[in-house]
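Take a look at the structure below.
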Amino acid sequence: MRLFECGSLVPGCDWHTRADNDAEIVRRVVDHMRQDHGETAIRENMVDNIKARIVEETKAA
Ligand SMILES: [Zn+2]
């Protein structure tokens with residue numbers, strides 16, 4: 001499972017999302033940025049910043 005925590009990009013934000021692929025994470029984060037952070041224009045480097053902060057969530061079985 002892939003995990004993105006918004007606080008790694010926007011300090012103080014505790015929103016996070018999980019998905020099984022990075023494209024879905026990016027889509028959700030872009031929605032969140034628009035709705036909760038007032039980012040009306042999502043630049044290419046924003047997508048890169050998001051991707052750079054997606055982590056693999058490992059669970060001890
Ligand atoms: Zn946020």
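The figures follow:
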| read-out | value |
| --- | --- |
| Among the residues listed as 48, 36, 14, the single one being within 16 Å of the ligand (Cβ to nearest atom) and part of a helix (DSSP H, G or I) | 36 |
| Members of segment 38-61 found to be over 16 Å from residue 19 (Cβ atoms) and surrounded by 13 or more Cβ atoms within 10 Å (Cβ to Cβ), listed by number | 39, 42, 46, 49 |
| Pairs where the first residue, in segment 1-18, is small (Gly, Ala, Ser) and the second is crowded, with 16+ Cβ neighbours inside 10 Å, C-beta under 7 Å, 6+ apart | 8/53 |
| Condition broken by residue 27, with the remaining ones in (1) free of Cβ contacts under 8 Å to residues at least 12 places away in the same chain; (2) not in a helix (DSSP H, G or I) satisfied | (2) |
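Read the figures in this text as sums done on the coordinates, not as results from a lab. Here the structure is a predicted model, which is why all the values come from computation and not from measurement. Please note: Cβ atoms are built from the backbone with ideal geometry, for glycine as well, and neighbour counts cover all protein chains shown.
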